[in-house]
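Structure, as C-alpha cells:
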Amino acid sequence: MNLEEKEALYRAFQSKDVRFDGKFYIGVSSTGVYCRPVCRARLPKRKNCTYFLTAAEAEQAGYRPCLLCRPELAPGHSAADSSQTLARQATSLFEENCTSGQSVEEFAGKLGCTGRHLRRVFLQEYHVTPVQYLQTCRLLLAKSLLTDTELPVLEIAMAAGFGSLRRFNDLFQKQYHLTPTALRKQAKAGERHSGLVTVGLGYRPPYQWEQMLHFLEKRIIPGVERVEQGYYLRTVRIYDKNHTAFCGWVRIGQNQEKNILSVTLSDSLLPVLPALLGWIRRQFDLCCTPGLIYEALQEMNELHPGLNLPGIRLPGCFEPFEMAVRAVLGQWITVKAASTLAGRVAEAYGMPVASGIEGLTLLFPEKEEILKQEHVEECLGTLGIPAAKSKAILALAKAMESGEIDLSSYGDPLIQRKKLLNIKGIGPWTADYLVMRTMGWTDAFLETDAGIRRALPSLSPEEMRALSKSWSPWRSYAMMNLWNWEESEERKGKGEGD
C-alpha cells in the first residue's frame with residue numbers, strides 16, 4: 001500500500017463516513033486495538049494507523065477489537081461489490097458456518113472449487129488463511145454475545161463453536177489479552193435483554209426499513225410470518241452439518257440510531273446462530289452499499305420525482321423452497337391471494353411449532369414433506385391450487401431435492417435461472433423473481449409484472465426492458481423503487497397516504 005492510498009484511507013477514517021463502514025479496518029499502534037472507519041473515539045495520528053481489509057487480518061497482526069465501535073457489528077461485503085466473487089462468497093459461507101467444524105475442503109466443495117484453490121484465492125484477497133478467518137468469526141460472535149446478552153460464558157463458548165470452555169478461555173485471552181468475563185465487565189452493556197437472546201447486525205445507512213416491512217407484510221405466509229409494531233417475526237427451522245433440525249422463532253427490528261438490526265431469537269436456535277444470522281443478512285440485504293446504488297439509479301427521478309429512494313434494499317428469503325412455492329403460487333394472481341394459498345399449504349403440510357407468540361404456529365413444509373405425499377397434484381388441488389401450479393411445485397421440489405437446482409446464495413444466478421426455465425410452468429417472471437429473492441441477484445427486471453406496468457403505464461414491455469439496461473447491474477433495486485412508488489401512489493389514491 002503506497003503513501004497516497006494510506007492518505008486516502010486516513011481521510012476516510014477522519015470523515016467517519018458510513019459508506020466506508022466494513023470496507024476496511026484501522027489498527028492503532030498506540031492503543032493496540034483495531035477500529036471501524038466510523039469509530040467515534042479520538043482520532044489517532046496518521047503514523048499510528050495500519051489498514052486492513054478484514055477483522056481477521058487485523059487480529060492476526062496482533063490488534064484487539066475496539067470496545068467502542070465494536071468491529072463485530074460492521075456490515076459485510078456484497079458479492080456484487082467486487083469481481084473477486086469466490087473470495088466474497090467464501091466470507092459469507094465461513095461466517096454462516098464458522099461453528100460447524102467443517103473443513104476447508106468441505107467449504108470449497110460447496111463453492112465448486114478445490115481446497116487448495118480456495119486457500120490461494122482467499123489468502124491473495126484478504127491476506128489471511130480461511131482457518132484464521134473462521135477463528136476470528138467465532139471470536140467476534142462470542143464477543144457479541146458477551147456484550148449484548150446475559151448468557152452464561154459456557155453457553156457462549158458452545159454457541160460460538162469452541163467445544164470447551166477451557167479452549168474458549170485460552171484462545172480469547174491469547175487473542176484479546178482479556179478473559180471473557182473481564183471483557184464482559186469492561187464492555188458497555190448497551191441493551192441487554194434479560195431472558196432473551198438479542199444480538200445486533202450492522203448495516204450501512206440509510207435503510208428504508210418501513211419500505212422493507214411493507215413489502216414483507218404484504219407477502220406474509222399466515223402462521224409462519226407476521227409484521228407488527230415495526231418488527232418482522234417468523235418461525236425458523238435450520239439444520240446443522242449433521243442434519244439435526246433446530247426450530248424456533250426470530251424477531252427483527254431496526255435500531256436506527258446505531259445503524260443495526262436488532263435480532264431477538266428463541267434460545268433453541270443458539271446452536272445454529274451463525275447460520276441464522278447469515279439468513280437474516282440476506283433476507284434484509286445488510287451487505288448492500290446504498291450510496292453506490294442510489295447514485296447509479298439517479299436518472300429514475302426523471303420518470304417520477306422522488307422515485308429513486310436512498311437506502312432501498314432488496315428483500316431476500318429465509319428458505320429457498322418456501323420462496324419457490326410462494327413464487328409459483330403468485331403467478332397471475334394478486335399478492336394477497338398468493339399469501340392465502342401459501343398459508344393453506346403451511347396449514348395442511350407444515351409442522352406445528354409452539355413459539356408462544358400469537359400468529360406464529362407453523363413451520364412451512366420442506367420439499368421432502370411435499371414429495372412424500374401421494375398424489376401431490378390432487379392434494380394441492382384440494383387447497384385451491386391449479387393443476388399447472390401443483391405440477392410446477394412438484395417439479396421444483398424434485399429438482400431442489402436432487403440438487404439439480406440450487407438456489408443457495410453461493411451459485412451462479414444465471415445458471416440457475418436457465419435451469420428454472422426448463423421446468424414446465426416456470427416462465428421468465430417466476431425464474432427472475434426467484435433468483436432475485438433467493439440468490440440476491442441484483443440485475444433482475446420483470447417487465448411483465450403488473451406492478452411494474454402500473455408504474456410505467458406509457459411504456460411497452462420492450463420499451464421497459466430497453467430503458468432498464470441503463471440501470472444495470474442494479475435493476476432489481478430499480479424494480480423495488482418502482483414497486484414502492486406504485487404502491488405509495490395507490491395508497492394515496494385511497495386516502496391512506498400523505
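The values are calculated or read from the model by the stated rules, or taken from the named source; none is laboratory data. Because the structure is a prediction, the values reported are computed rather than measured. A quick note on method: Cβ atoms are made from the backbone with ideal geometry, for glycine too, and the neighbour counts reach across all protein chains shown. For the accessible areas, the whole protein counts, side chains as well, though only heavy atoms, and no ligand, DNA or RNA atoms are used. Shrake-Rupley method; radii C 1.70, N 1.55, O 1.52, S 1.80 Å.
Just one of the listed residues (Leu67, Leu93, Leu123) is free of Cβ contacts under 8 Å to residues at least 12 places away in the same chain, surrounded by 15 or more Cβ atoms within 10 Å (Cβ to Cβ) and among the hydrophobic types (A, V, I, L, M, F, W, C), and it is Leu123. Which of (1) under 30 Å from Pro305 (Cα atoms); (2) not in a helix (DSSP H, G or I) is the odd one out, the single condition Ala466 does not satisfy? Looking at each condition in turn, Ala466 falls short on (2).
What about Gly356, is it open to solvent by less than 40 Å² (accessible area, probe 1.4 Å), out of contact with any helix residue (DSSP H, G or I) (no Cβ under 9 Å at 6 or more places or on another chain), not in a strand (DSSP E or B) and not polar (S, T, N, Q)? Before you say what the answer is, go through the steps one by one.
Working: open to solvent by less than 40 Å² (accessible area, probe 1.4 Å): no; out of contact with any helix residue (DSSP H, G or I) (no Cβ under 9 Å at 6 or more places or on another chain): yes; not in a strand (DSSP E or B): yes; not polar (S, T, N, Q): yes.
Criteria not met by Gly356.
Can you name every residue in region 273-303 that is under 13 Å from Gly76 (Cβ atoms), open to solvent by less than 20 Å² (accessible area, probe 1.4 Å) and in a helix (DSSP H, G or I)? Within region 273-303, Pro274, Leu277, Gly278, Ile280 meet the criteria. The residues in region 221-280 that are in contact with a Pro (Cβ under 8 Å, 6 or more places away or on another chain) and among the hydrophobic types (A, V, I, L, M, F, W, C) can be counted, and the count is 1.
I'd like the residue in region 110-124 that is in a helix (DSSP H, G or I) and within 22 Å of the chain's Cα centre (by Cα) and, out of all such residues, is farthest from Tyr410 (Cα to Cα). Once the filter is applied, the top-ranked residue is Phe122.
Can you name every one of the helices (runs of 4 or more DSSP H) wholly within region 365-424 that holds 1 or more residues which are within 26 Å of Ala108 (Cα to Cα)?
On the way: elements: 367-371, 376-381, 387-402, 413-421.
Fully inside region 365-424 and qualifying: 367-371, 387-402, 413-421.
The set of residues in region 455-477 that are surrounded by fewer than 12 Cβ atoms within 10 Å (Cβ to Cβ) and under 23 Å from Gly316 (Cα atoms) contains only Lys469.
Suppose we keep only residues that are more than 16 Å from Glu322 (Cα to Cα) and touching a residue at least 24 places away in the same chain (Cβ under 8 Å) within region 234-248. Which one would you say is least open to solvent (accessible area, probe 1.4 Å)? Give the steps one after another, and end with the answer.
Our first condition is that a residue be more than 16 Å from Glu322 (Cα to Cα); within region 234-248, this holds for 240-246, 248.
The next check asks that each one be touching a residue at least 24 places away in the same chain (Cβ under 8 Å); those that pass are 240-241, 246, 248.
On the way: Asp240: 48, Lys241: 115, Phe246: 43, Gly248: 8 Å².
Only one residue fits best here, namely Gly248.
Just so you know, in region 98-109 the residues that are of a type outside the set (S, T, N, Q) and assigned to a loop (DSSP other than H, G, I, E, B) include one that is farthest from Cys137 (Cα to Cα), and it is Gly101. Scanning region 2-26 for residues that are aliphatic (A, V, I, L, M) and either surrounded by 14 or more Cβ atoms within 10 Å (Cβ to Cβ) or in contact with a strand residue (DSSP E or B) (Cβ under 6 Å, 6 or more places away or on another chain) (or both) gives Leu9, Ala12, Val18, Ile26. Of the numbered criteria (1) over 27 Å from Pro222 (Cβ atoms); (2) modelled with pLDDT of 95 or more; (3) surrounded by fewer than 17 Cβ atoms within 10 Å (Cβ to Cβ), the one Lys398 fails is (1).
Sub-6 Å Cβ pairs linking a first residue in region 3-18 that is without any contact (Cβ under 8 Å) to a residue 12 or more places away in the chain and of a type in the set (A, V, I, L, M) to a second residue that is open to solvent by less than 70 Å² (accessible area, probe 1.4 Å) and not in a helix (DSSP H, G or I), at least 6 apart or interchain, number zero. When Ser266 is tested against (1) crowded, with 20+ Cβ neighbours inside 10 Å; (2) without any contact (Cβ under 8 Å) to a residue 40 or more places away in the chain; (3) over 23 Å from Gly440 (Cβ atoms), only condition (2) is not met. Residue under question is Thr179, and the condition is that it be within 26 Å of Lys23 (Cα to Cα) and open to solvent by less than 60 Å² (accessible area, probe 1.4 Å); does it hold? Criteria not met by Thr179.
Within region 238-277, the residues that satisfy the criterion of being within 18 Å of the chain's Cα centre (by Cα), over 16 Å from Met158 (Cβ atoms) and among the small types (Gly, Ala, Ser) are Gly253, Ser262. Residues in region 455-470 that are more than 13 Å from Leu303 (Cα to Cα) and not acidic (Asp, Glu) were compared, and the one that is modelled with the lowest pLDDT is Pro461.
Within region 27-38, residues that are open to solvent by 10 Å² or more (accessible area, probe 1.4 Å) sit with their Cβ atoms under 7 Å from residues that are among the basic types (Lys, Arg), at 6+ positions apart or across chains, in these pairs: Gly32/Arg64; Val33/Arg64; Val38/Lys16.
Asp170 fulfils the conditions (1) of a type in the set (Asp, Glu); (2) free of Cβ contacts under 8 Å to residues at least 40 places away in the same chain; (3) touching a strand residue (DSSP E or B) at 6+ places or on another chain (Cβ under 7 Å) except for a single criterion, (3). Filtering region 411-454 to residues that are under 18 Å from Thr85 (Cα atoms), touching a Leu at 6+ places or on another chain (Cβ under 8 Å) and either surrounded by fewer than 19 Cβ atoms within 10 Å (Cβ to Cβ) or among the polar types (S, T, N, Q) (or both) leaves Gln416, Thr438, Thr442. Thr149 meets all of the listed conditions (1) farther than 27 Å from Ser164 by Cβ; (2) in contact (Cβ under 8 Å) with a residue 24 or more places away in the chain but one, namely (1).
From Glu125, Glu150, grab the single residue that is among the charged types (D, E, K, R) and within 29 Å of Glu257 (Cα to Cα).
Details: Glu125 fails: within 29 Å of Glu257 (Cα to Cα).
Every option except Glu150 fails the conditions.
For Gly223, are the conditions met, namely being surrounded by 20 or more Cβ atoms within 10 Å (Cβ to Cβ), on the phi > 0 side of the Ramachandran plot and not hydrophobic (A, V, I, L, M, F, W, C)? Walk me through how you get there before you give the answer.
Working: surrounded by 20 or more Cβ atoms within 10 Å (Cβ to Cβ): yes; on the phi > 0 side of the Ramachandran plot: yes; not hydrophobic (A, V, I, L, M, F, W, C): yes.
It is true that Gly223 is surrounded by 20 or more Cβ atoms within 10 Å (Cβ to Cβ), on the phi > 0 side of the Ramachandran plot and not hydrophobic (A, V, I, L, M, F, W, C).
Of the residues in region 194-203, none is within 26 Å of Tyr51 (Cα to Cα), open to solvent by 10 Å² or more (accessible area, probe 1.4 Å), at pLDDT 95 or above and hydroxyl-bearing (Ser, Thr, Tyr).
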